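Every number here is computed from the coordinates shown, using simple stated rules; none is lab data. What you see is a predicted model; the values in this text were computed from it and never measured. Using ideal geometry, Cβ is built from the backbone for each residue, glycine included, and neighbour counts are taken over all protein chains shown.
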Amino acid sequence: MSKVAEEQEAAGPERGADASFDGLRMRGLTKEFASFTAVKDLDLDVPTGSFFALLGPSGCGKTTTLRMVAGLESPTAGTITLGGKDITRAKAYQRPVNTVFQSYALFPHLDIFENVAFGLRRRKTGDVDAEVKRMLDLVELESQARKKPAQLSGGQQQRVALARALINQPEVLLLDEPLGALDLKLRRSMQIELKRIQTEVGLTFIHVTHDQEEAMTMADTIAVMNAGVIEQMGAPAELYENPHTTFVANFLGQSNLIEGTIQKRDGDLVTVDMQGVGVSVPTHRTHADGDRGWVGIRPEKVLIGDEGEALDAPGNTIPGGVVTDVSFVGVSTQYLVRMPWGQELQVFEQNTGRRRIFRTGDKVELSWRPEYAFLLDHAQDAHAGAQLGDD
Amino acid sequence: MRWIRERMVLILGLLVLLYTFVPIFVVVLMSFNKLPSEQSKIYKFSSFTLDNWLHPCADPSMCSALGKSLAIGGLATLVATVLGTLMAFALVRHRFAGRSAMNLTIFMPMASPEIVMGSSLLALFVAGGFAGQLGFWTILIAHIMFCLSFVVVTVRARLAGMDDTLEQAAMDLYATPSQTFWKVTFPLVFPGILGAALLSFSLSFDDFIITNLNAGQTTTFPMYVWGVARKTVPMQINVIGTLMLIVSVTIVLIGEFNNRRRAAAR
Amino acid sequence: MAEQGLRKSTTGYLLLLPGLLWLVLFFVIPFYSLVAASLYDPAGSDFRGYQMTYHWQNYTDALRDYGKPEGWNHPFWLILAAVIGVAVTVGLLLRARRGTSQTHSVGSYVGYGFVGALVGMAVLYPIFKALFVGGAPMVLSPLLRSLLYGALATAFCLLLGYVLAYAIAFKSGRWKTLMLVLVIAPFFTSFLVRTLSWKLLLGDDSVITHVFQALHLIGSNGQLLYTPFAVIAGLTYNFLPFMVLPLFASLDKIDYRLIEASRDLYANPIVGFFKVTWPLSLPGVISGTLLTFIPAVGDYINAELLGSTNTRMIGSVIQSLFTDANDYPAASALSVMLMVLIVGMVLVYVRRAGTEELL
């Protein structure tokens, strides 16, 4: 079993470790194509009724995983169970799972009413007219019921796709990057809409996306996926503040990763010799074996000050920095600071107005509170996950 | 003057278009023509009459030839459309070996001279001992053969242009493979199939060279026209020509009208 | 992802089978019958049956009877014309390569030289004969005439068709679909009935004939009907849609912004056309010329209805050899030769134009 599944089971029964787990469970899920393996031995438990995000760069296997859950792709190995029943070999039309496709896939030859009614008609359940009307009201498209998809705007089409899937009250609703084709403002408002609908309807939503901001905004739980495996899974804040791998650290937001040698592991604290400066990292935030590691600190957690200025951060002070770039971004100022060992660190400072803005060439000191730092395994690539994701 | 220069290309284009229509006007015009005498061989307009329209089958052999052409056209269209549609589905949706050889076999008839295709079929029939039985069925066989390629190309284009996630969406929404086909795939491909059928029919109806070589004693409409071309031409052939024009233009306009109506309902 | 959509099952083969079988039975196999028939002993007949005697002479006989032009019997001028043709072609080749680092293989020089020789003979020999030898004018054979008329009709179709296709693709605005319909509509009237109309339009008393007479393009009693002009006009008219539609398809795909970009970069409309539009429309040009030339060469309806015995095309010959003379071997031999010639020309043309995908 993978590390992630072990962690899940260790987290206790309320995380669904026992056999009576009635959510979506994947074990050892693998998908191999002729030239490469898209998904490798995936283990995942999706809690019922949660808004779950599967986050990762293009080609990481998240869409393939989704399609396997939907039944549109058959796994090479592994099992998928839903509500205790094994659905691995079930055909797509036999599963209580519905998908909102990236391209919406609305039937062009049917009007909106018939599109939304499609699933109900196939299963011959329910009062079609009443249900469709109710669903169209939910997505605010009652007036467009008799139009064809081609006559609707992108945002409206997206809502039809959602209605068409939701109306069947599936046990799991899959969303394959549904907001990708929308412009920024519309995307933001749809993010809020989707979250609201999910809370109202109470179904399990699995949202696949490469946009880390989107995932953090909407999801209760995020699984970060890379090259066919899940790197880390948890609540957005957990993942962001305490990443376990360099990929997660770089993919979600940005991180500074600085090489260091571990000197002492002493109960609650780990001491690291970071390029000649002694820093400490809380033990529950260290994820490195061996004697070397990457000290990680988020740019917004780094405090910047004039040389010799006493900063409000006992412990980790690093002198000798020179500002090499200043970007004024309105809300904040982003600095690049070259440190004595040659690395340029990123520092984001909110423009509270209390301090002057530094200029290129200024000599500065950096510091941060130890409880914000994390320590990652040295064997990992410090650039993994960087410059991917949100573009 | 400037106005003309800017639109020069358009004007030239319209002139060319006009050029394509001049003979059509002649056809329509001549359908109202009265031959000066029974034996006149000169192809010229002499006086106006509605006789041709009122007595289209004045020459019974013309109507019999017309009947043959319609029958062959209908049957050939039916068979070619069905077989061709099946092939198009196979080509677009399935994988198999020898694809390029297959493509070549399918597309060669479109690019071969008719005289060669007709000759080779005749050679086949003769070699097979059917020299004495050339007629309706040999013509039909030939027509199905050359219509097939056109059907395959037309339906294939339509099918390939179809978004295949639509079928996945249907399956995701509880449609079995059979339901998916009839409720989603078929309605979307149908316009292509219809277009292919129309194309097939007109190719078959209009064919002369291949038909002539393999017809034996049977006469189709084009063969009839050929036969009378050097003798007295009954003006009723222009009636048929005009009718065909009206029917086909109507069909196309109906299709266009449908499209515009759908687009306009925004 | 498309790879995953294709099913590997036997359903594919089953779907393909009936149609493919039909094509193999009635298109591929007949070709073998044709070749076989071309080798029959000409002494047979379709009543008594034919003996297969591998009578290769059928080909040489057919070539002699219908392939060789009359009056082509002055070897000196013929060779001179061929040599000039080769020299000009090779010279052009060398000049075109000057300044680039491309070198040609010997094979391509030979190939181009051969084509140059043929073109030289075709163009220069008649001129030499007319100027220096005199005597009876050269009479083309049906085979050569078909190739010539086909080529001329294709050239005219290209000219007219390109204008029309361009107008529809770029200048027609809202009327685009209507114009396309109008291009295709005549196609649905009987081919033969339309061709008969040309008899009226080019008849001795017609407007067009009078205009030509007035412009002294023909003599004051000149005829348009039953001349090569009428035949080529008929061919051009009949095959115009085959040229317009592929051209339109190609032109329509061109993003007009590319042309605008060329204007922005100082190209006037004419230069813009040759540097941008024409190259991008080449696939359509190639499809169109092939779809026009191939059937035009084999057509004989126009020649018979609008022409005379002097404009006889190879299709007529083959047809009458089959039906009137019942000379199956000769007819088959001619048919095979025509096919081989056309396939050969198509291959050379396609290779030169650099496109292998026609459809």
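In the range C:59-74, which residues have a backbone nitrogen under 11 Å from the label point lying 7 Å from C:Val340's Cα in the Cα-to-Cβ direction?
Only C:59-60, C:63 fall inside the zone, counting backbone N under 11 Å.
Calculated FRET efficiency, C:Val133 and C:Ile208, Cβ-Cβ r, R0 30 Å, to nearest 0.05?
That gives a FRET efficiency of 0.25.
Where is the GNM fluctuation largest for chain B (alpha-carbon springs, 10 angstrom cutoff): B:Pro36, B:Pro222, B:Pro56?
Among B:Pro36, B:Pro222, B:Pro56, the largest mean-square fluctuation in the Gaussian network model of chain B belongs to B:Pro36.
Determine which aspartates and glutamates satisfy two conditions relative to B:Lys44: a Cα distance under 18 Å, and not lying fewer than 8 residues away in the same chain.
Cross-link targets: C:Asp204, C:Asp205.
Express as a percent, rounded to the nearest 5, the fraction of DSSP beta bridges in the protein assembly as shown (both residues included) that run antiparallel.
75 percent
For the range B:113-143 and the range C:170-207, compute the distance between their C-alpha centroids and round to whole Å.
32 Å
Expressed as a whole number of Å, what is the distance separating the alpha-carbon centroids of the range A:177-205 and the range A:218-270?
With the range A:218-270 and the range A:177-205 each reduced to a Cα centre, they are spaced 26 Å.
Under a point spin-label approximation (7 Å from Cα along Cα-to-Cβ), what is the C:Leu148-C:Phe274 distance to one decimal in nm?
Distance between label points: 3.0 nm.
If you take the beta carbon distance between B:Leu29 and B:Ile251 as r and set R0 to 25 Å, what does 1/(1 + (r/R0)^6) give as a FRET efficiency, to the nearest 0.05?
0.60
Which Cys in chain B stand alone, with every other cysteine's Cβ at 4.7 Å or more from theirs?
Taking the Cβ cut-off of 4.7 Å, the unpaired cysteines of chain B are B:Cys147.
Let me check against my output: what whole-number percent is the relative contact order of chain C, with C-alpha pairs under 8 Å and at least 6 apart?
The value is 23 percent.
In peptide C:30-42, what is the residue-averaged number of other protein chain Cβ atoms found within 10 Å of each Cβ?
Taking all residues of C:30-42 together, the mean is 5.
List the aspartates and glutamates whose Cα sits under 14 Å from the Cα of A:Lys133, skipping any in the same chain fewer than 8 residues away.
Within reach: A:Asp111, A:Glu114, A:Glu142.
Roughly how crowded by other chains is peptide B:121-133, in terms of the mean Cβ count from those chains within 10 Å of each of its Cβ atoms?
Mean shielding by partner chains, rounded to a whole number: 6.
Label-point separation (nm) for B:Ser178 and B:Asn259, each offset 7 Å from Cα along Cα-to-Cβ?
3.5 nm
Taking neighbour counts of Cβ atoms within 10 Å as a proxy for exposure, in what order, fewest first, do B:Leu86, C:Leu290 appear?
Taking fewest neighbouring Cβ atoms as first place, the list is B:Leu86, C:Leu290.
Sorting check: for C:311-318, A:319-326, C:20-27, which peptide has the highest mean count of neighbouring beta carbons within 10 Å, and how do the rest follow?
C:311-318, C:20-27, A:319-326
Could you work out [θ]222 nm for the protein assembly as shown from helices alone, using -39500 (n - 2.57) per DSSP H run of at least four and dividing by all its residues? Round to the nearest 500 deg cm²/dmol.
So the calculated ellipticity at 222 nm is -16500 deg cm²/dmol.
Does anyone have the angle between helix B:114-127 and the longest principal axis of chain B? Alpha-carbon axes, 0 to 90°, nearest 10?
The angle comes out near 90 degrees.
Using Cα centres only, tell me the gap between the range B:39-97 and the range A:86-118 in whole Å.
44 Å
Counting Lys and Arg as +1 and Asp and Glu as -1, each charge on the Cβ, what is the dipole of the range A:254-377 about the Cα centre in debye, to the nearest 20?
The calculation lands at about 280 debye.
With springs connecting C-alpha atoms under 10 Å apart, model chain A as a Gaussian network and identify which of A:Gly202, A:Gly267, A:Gly296 has the largest mean-square fluctuation.
Looking only at A:Gly202, A:Gly267, A:Gly296, the biggest GNM fluctuation is shown by A:Gly267.
How far is helix A:184-201 tilted off the main Cα axis of chain A, in degrees rounded to 10, range 0 to 90?
The answer is roughly 60 degrees.
Just list whichever of A:Lys31/A:Lys91; A:Lys148/A:Lys195; C:Lys171/C:Lys199; A:Lys185/A:Lys301; C:Lys253/C:Lys275 have alpha carbons separated by over 24 Å in the model shown.
In this structure, A:Lys148/A:Lys195; C:Lys171/C:Lys199; A:Lys185/A:Lys301 lie more than 24 Å apart at Cα.
Per residue of the range A:210-218, in order, report the coupling 6.51 cos²θ - 1.76 cosθ + 1.60 (Karplus, θ = phi - 60°) as ³J(HN,Hα) in whole Hz, putting x for Gly and Pro.
Values per residue, Gly and Pro as x: 10, 8, 5, 5, 4, 4, 5, 5, 9 Hz.
If the only charges are +1 at each Lys and Arg Cβ and -1 at each Asp and Glu Cβ, what is the size of the charge dipole of the protein assembly as shown around the Cα centre, to the nearest 20 debye?
Once rounded to the nearest 20, the dipole reads 3820 debye.
For a quick check: with amide H placed at 1.01 Å from N, whose amide H comes under 5 Å from A:Val100's, ignoring anything fewer than 5 positions away on the same chain?
Those lying under 5 Å, H to H, from A:Val100 are A:Leu174, A:Leu175, A:Asp176.
As I understand it, the value is the acute angle between the Cα axis of helix A:128-138 and the longest principal axis of the Cα atoms of chain A; what does it come to in degrees, rounded to 10?
Tilt of helix A:128-138: around 30 degrees.
So for the pair C:Trp175, A:Trp341, with labels modelled 7 Å out along Cα→Cβ, what separation do we get in nm?
Reported label-point gap for C:Trp175 and A:Trp341 is 7.6 nm.
Can you list which of the DSSP-assigned H helices in chain C have a Cα extent of 24 Å or more along the long axis and an average Kyte-Doolittle score of at least 0.0?
Both cut-offs are met by C:75-97, C:106-128, C:142-171, C:228-253, C:278-298, C:328-353.
Build a GNM of chain B with springs between Cα atoms under 10 Å: which of B:Ala58, B:Ala80, B:Ala196 gets the top mean-square fluctuation?
B:Ala58
Enter the mean number of other protein chain beta carbons within 10 Å of the beta carbon of each residue in C:290-296, as an integer.
Counting Cβ atoms of other protein chains within 10 Å of each residue's Cβ and averaging gives 3.
Which is farthest toward the positive dipole end of chain C among C:Thr292, C:Leu265, C:Ala325, measuring Cα position about the Cα centre, with Cβ charges +1 (Lys, Arg) and -1 (Asp, Glu)?
C:Leu265
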